[in-house]
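Here is the structure we will look at, set down as structure tokens.
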Amino acid sequence: MGDVGKLYFGTLVGTGTYIRHQPGIDHAGRCGCAPTDWTWLCRERAIIRSLQFPQIVDRETSILDAHRATFEWAFGQDKSNLAEWLSGASGIYWVSGKAGSGKSTLLKFLTGHRRTEELLQEWSGGKTLVTASHFFWAQGTALQKSHQGLLQTLLCQVLQKHPEQVSVISPTRWSSWTDMQAPWSLSELSKCFQSMASTKHFRICLFVDGLDEYQGDHQDLIEILEGWSLSENIKICASSRPWVEFTSAFGSGHWKLQVQDLTRQDISNYSTDKLKSHKDIDSYGSEVDSIAQEISLRAQGVFLWVYLVVRSLIRGMRYMDTIEDLWERLNELPTDLEEYFRRMLDSIEPIYRKRTARALRVLSQIESEMDKPLHVITFYFMDLEMKDPEYAFSSLESPAPGQENRFYTRLEGEKQHQLVAQCRDLVHISVITSLNGQTVHPPWSMSVSFLHRTVADFLTASEVHRMLISRSGDDFDPRGSICRSYLAQVKNTNLI
């Protein structure tokens, strides 16, 4: 046995000096010896690390933070009964709302707000309070929209906060020296979750966003959540669109709210603040307040529509639009999201339409078939296909030795600006700073996705899909284009 092995199995083991006492846990050593703090910590970290996956927080971090002074009504008594549920009730609280109404933003707001914890402490009744959250994402990887991903995320968060519970919740894995980091099965995860639910000195509140984005039978998911909520130590705040299965399960209950019914003042506050933050606001006077009020009246509770409209108005302010121009902009914008998206597609300049249609078709293909996001640099290579269909088999421009980072930073930045300009507000660019604990550098530091689930739904509608096929060219194959781009990346970058 090497020095590391001796340290792990022998030298420190049995000293007895550093044994961590944990109530209710058998400290008798596996492998015939008593564990020390060092060995105990190594095993805890190894098992917790095995629950993690690269995209475990991607969806939550991609959701915009709530604007200041919005959603504060959640902690009052006059608009909803959410605060009452947080502080005393059990079971499931259902947050429902139209597409784009801000359900995900509300749940992210709740999970990070100190008032949420204060109210839940009242419910915990002296027991240790634990919170965990999962944000389903239909555009994400398999683990971001599955039962397994839900369990891994929740267990990982709970055990990160209370690593001393690893040996209690996962005794089989804890007792194995070789399988601590083995892939998890759904069966093992379910058993561990049941062990966690039966832990007497914990009270656990789970926040589960986007039930409608779950890839599987929604009725099965409902039954899973309802089963968990039967425990007196677990309660769940869950959000979804008001689809039939969720309305049937939760709609007749007392503990619920509809987001779009409660956000008119939030929308007015957001619109006013954003418009008044522009450097030339003084030239518009008090009319900006009237515009913000009109936005809140037209929005029908759909925050995504408000976000897009405000962006359009701010663009107008940058172009030195008059107040009359801003009113005209607002009056011309459709209040229906799908019609708004259609207007975006129609407003794309003819010179960009083929390229944009190809990019949108590729994003749709990725969402439906692949478990990984597309990097911005992928679209740089795909654009080369329009000039030379065989580009992937050719030698392309490459950086001079020592200039790789500057070269790829420039390409990535240029392509980012092009995508935003050509695809309008239909796509979202995310900056990736680290992956699996490693710093990410260009050209892999930006990924592309649809702005919102509603964009993906809109683009897959038959009429719109046919239009994209027509614009991109009948001979365009999204799968083939992705493969050629990957091949070009492998051949022409020395970073893969």
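Tell me, what is the per residue accessible area of segment 446-492 in Å², probe radius 1.4 Å?
Numbers: 2120 Å² over 47 residues.
Roughly 45 Å² per residue, with all protein chains present.
Between segment 135-159 and segment 230-257, how many Å separate their Cα centres?
About 19 Å separates the Cα centre of segment 135-159 from the one of segment 230-257.
Could you tell me the calculated FRET efficiency between Met320 and Met386, based on Cβ-Cβ distance and R0 = 35 angstrom, to the nearest 0.05? Don't jump to the answer; show the numbers that get you there.
Working: r = 35 Å, r/R0 = 1.00.
Efficiency at R0 = 35 Å is approximately 0.50.
Which value at 222 nm does the chain reach when only helices count, each DSSP H run of 4 or more adding -39,500 (n - 2.57), with the total divided by all residues and rounded to the nearest 500 deg cm²/dmol? If you can, show how the numbers build up before the last one.
Values: 23 runs with 250 residues, N = 496.
It lands at -15000 deg cm²/dmol.
So how far apart, in nm, are the two label points at Asp477 and His201 if each is 7 Å from Cα heading toward Cβ?
Each label point lies 7 Å from its Cα, and together they span 6.2 nm.
Considering Cα pairs under 8 angstrom that are at least six residues apart, work out the relative contact order of the chain and quote it in whole percent. The partial results should precede the final answer.
Details: 641 pairs, mean separation 75.2, N = 496.
Relative contact order here is 15 percent.
Give the carbon-plus-sulfur fraction of the accessible surface of segment 113-196 in %, rounded to a whole number; probe 1.4 Å, heavy atoms of protein chains only.
Values: 1690 of 3270 Å².
Of the solvent-accessible surface of segment 113-196, carbon and sulfur hold 52 percent.
Of Lys79/Lys256; Lys98/Lys279; Lys235/Lys256; Lys98/Lys276, which pairs sit farther than 22 Å apart, going by alpha carbon to alpha carbon? Please report the intermediate quantities before stating the final value.
On the way: Lys79/Lys256 11 Å; Lys98/Lys279 34 Å; Lys235/Lys256 14 Å; Lys98/Lys276 28 Å.
Lys98/Lys279; Lys98/Lys276, as the Cα separations exceed 22 Å there.
Where does the chain land on Rg(C-alpha)/(2.2 N^0.38 Å)?
Details: Rg = 26.0 Å, N = 496, 2.2 N^0.38 = 23.3 Å.
Scaled against compact globular proteins, the figure is 1.12.
Could you pull out every one of the aspartates and glutamates with an alpha carbon less than 19 Å from that of Lys274, ignoring same-chain neighbours closer than 8 positions?
Excluding near neighbours in sequence, the set is Asp65, Glu72, Asp266, Asp282, Glu287, Asp289, Glu294, Asp321, Glu324, Asp325, Glu328, Asp425.
Can you run phi through the Karplus equation (6.51, -1.76, 1.60; θ = phi - 60°) for segment 463-468 and list ³J(HN,Hα) in whole Hz, with x for Gly and Pro?
Rounded to whole hertz, the list is 5, 5, 4, 5, 5, 5.
Collect residues whose amide H, placed 1.01 Å from N in the peptide plane, falls under 5 Å from the amide H of Ser133; neighbours closer than 5 in sequence don't count.
The list, which skips near neighbours in sequence, is Phe207.
For a quick check: with amide H placed at 1.01 Å from N, whose amide H comes under 5 Å from Leu374's, ignoring anything fewer than 5 positions away on the same chain?
Val448
Can you give me the long-range amide H partners of Gly91? Hydrogens built in the peptide plane at 1.01 Å from N, cutoff under 5 Å, separation of 5 or more residues or another chain.
Here Ile236 satisfy the definition.
With a probe of 1.4 Å, find how much accessible area segment 30-129 has per residue, and write the answer as a whole number in Å². Don't skip to the answer; put the middle values down first.
On the way: 4290 Å² over 100 residues.
Each residue of segment 30-129 exposes 43 Å² on average to a 1.4 Å probe.
Can you compute the label reach from Asp220? Point 7 Å from Cα along the Cβ direction, backbone N cut-off under 18 Å, restricted to segment 236-254.
Of the residues in segment 236-254, 245-246 have backbone N under 18 Å from the label point off Asp220.
What angle do you read, to the nearest 10 degrees and between 0 and 90, between the alpha-carbon axis of helix 114-124 and the longest principal axis of the chain?
With rounding to tens, the tilt is 40 degrees.
The values are calculated or read from the model by the stated rules, or taken from the named source; none is laboratory data. All of these numbers come straight from a predicted model, not from anything done at the bench. Positions of Cβ are backbone-derived with ideal geometry, glycine not excepted, and every protein chain shown enters the neighbour counts. Note: accessible area is taken over every heavy atom of the protein model, side chains too, but ligands, DNA and RNA are not part of it. Shrake-Rupley method; radii C 1.70, N 1.55, O 1.52, S 1.80 Å.
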